[in-house]
Structure formats: structure tokens, C-alpha cells
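Below: the structure, in C-alpha cells.
The values are calculated or read from the model by the stated rules, or taken from the named source; none is laboratory data. Predicted model only: the values in this text are computed from it and were never measured. In this analysis, Cβ positions are derived from the backbone assuming ideal geometry, glycine residues included, and neighbour counts consider all displayed protein chains.
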Amino acid sequence: MEKLLELLNSVHSLSPALSAQLSEKITGRELGKRKFLLKTGHVCRYLYFVKKGLLRFYYLKDEIEVCSRFMKEGEIIIPISSFFRQQPSHEFIQALEDCELLCIEYRDIQYICRHFPEFHIVTRFLTEQYYMSSEQLLIAFRMQRSHERYAFLMRQFPELIQRVPSKYLASYLGITDVTFSNVKSKR
């Protein structure tokens, strides 16, 4: 829990009362490898912080899995539309490794925001970071060739090459397994 509170404090100083409220409401959860944190059609009722492990977001397009994001230690998992609007998700979230997570319920976040206005600064910052990351990926992948996408992946997320199966990385980069293998072997 300390790492999460440190992260939140780095965004904006948390009052002792807010820290106590978060400590009271945040719970732990373990998720085994290949297990689902969220399935399409279900509503995400929790915001998660990854203490340990790696997860992937993906959706189905014509019955093919398309990886859209990976979340690892020290990151906050927010399926934006499902969580903030409390509507069914269009994505799956699956553990690629055994995971230890911290979680807080949507209703508790709403309560904290109503009673601790300074927490709005934290939530706004985290949402901005999520959107900027998504935009950076979108621009990189729309404007680059396969070898440039792979180079981007190596620069931005080198640890994923070791931790994520190639078929998921290929899907994430929007290329075939064969193209991914060829690009990887040329580097």
C-alpha cells in the first residue's frame, strides 16, 4: 500500500485524513496467471494498482484478439469508459503473470472525491497521464512502419520483450506474428 500512497502523494500532497480514508478503503487481491480481472460485457467496479505482475488489455475483432495495452508493477489500471461511466466493458483484462493488486471500489472513489476535494487533482492527473499515453501510442502506431513500431516498443517498454509472448506483442504493434519475428530478428 505504501507504493500506491507514495505515487498518489507524488501527484499532490495527501492530507492525513485522506491518507487514512484511502488506507481504510483499499484492499488487496491476487489474480493467477491467465485469470481474468475483467471480461467484455462486465462493468469495472474497481480501480486497480499493480503491486506485482503483468496484465494485458485486449478486445475481439472478428474473433481475433487485439492487444491494446499492458499494465505492470507500479501502474494503475483504469478501463476508462467502464469504470468512470459504470457501463459494460468492451475489453478483457487478463493476467499474463501471477499478480498482486490493490483495489478500491468506484463508490469509494466517488465518496472520497466528494469529501476530499484535493483528490480531484490526483484523479485528474492520473486520467491525463492515461490519455497522453494512449495518444502517444496511437500516433506512434498510425504513423510508423513495423520496424519503427518495434523500435518504439524497445525504447518505451523494453521489459515487455522479455515478459510478453510474441503473439501478443505482434497484436499490440498491429503486425502479424511473422512480421514481428522478422523485425525482431533483424535487430
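Of all residues being among the small types (Gly, Ala, Ser) and either modelled with pLDDT of 90 or more or over 17 Å from the mean Cα position of the chain (by Cα) (or both) in the range 122-173, which is nearest to residue 79 (Cα to Cα)? Just the residue, please. Full working, then the answer.
Kept after step one, since they are among the small types (Gly, Ala, Ser), are these residues of the range 122-173: 133-134, 140, 146, 151, 166, 170-171.
So of that shortlist, the ones also either modelled with pLDDT of 90 or more or over 17 Å from the mean Cα position of the chain (by Cα) (or both) come out as 140, 146, 151, 166, 170-171.
Details: 140: 21, 146: 27, 151: 27, 166: 24, 170: 22, 171: 19 Å.
Residue satisfying both the conditions and the ranking: 171.
Are there any pairs with C-beta distances below 8 angstrom linking a residue in the range 21-36 that is on the phi > 0 side of the Ramachandran plot and outside any strand (DSSP E or B) to a residue that is surrounded by 12 or more Cβ atoms within 10 Å (Cβ to Cβ) and not aliphatic (A, V, I, L, M), with the two at least 6 apart or on different chains, and if so which?
Once the first residue is on the phi > 0 side of the Ramachandran plot and outside any strand (DSSP E or B) and sits in the range 21-36, its partners that are surrounded by 12 or more Cβ atoms within 10 Å (Cβ to Cβ) and not aliphatic (A, V, I, L, M) give 34/94.
Cβ contacts < 8 Å: first residue in contact (Cβ under 8 Å) with a residue 40 or more places away in the chain and more than 14 Å from residue 12 (Cα to Cα), restricted to the range 104-131; second residue surrounded by fewer than 16 Cβ atoms within 10 Å (Cβ to Cβ) and of a type in the set (D, E, K, R), any location; separation 6+ or different chain. Result?
104/25; 105/25; 105/45; 106/45; 108/25; 112/25
Being out of contact with any strand residue (DSSP E or B) (no Cβ under 8 Å at 6 or more places or on another chain), closer than 16 Å to residue 69 by Cβ, in contact (Cβ under 8 Å) with a residue 24 or more places away in the chain and assigned to a helix (DSSP H, G or I) is the filter here; which residues of the range 152-187 pass it?
Scanning the range 152-187 gives a single hit, 173.
Quick check: anything in the range 115-134 among the basic types (Lys, Arg) and crowded, with 17+ Cβ neighbours inside 10 Å? Reasoning before the result, please.
Keep residues of the range 115-134 that are among the basic types (Lys, Arg), which gives 124.
If we keep only those that are crowded, with 17+ Cβ neighbours inside 10 Å as well, we get none.
Looking through the range 115-134, none of the residues is among the basic types (Lys, Arg) and crowded, with 17+ Cβ neighbours inside 10 Å.
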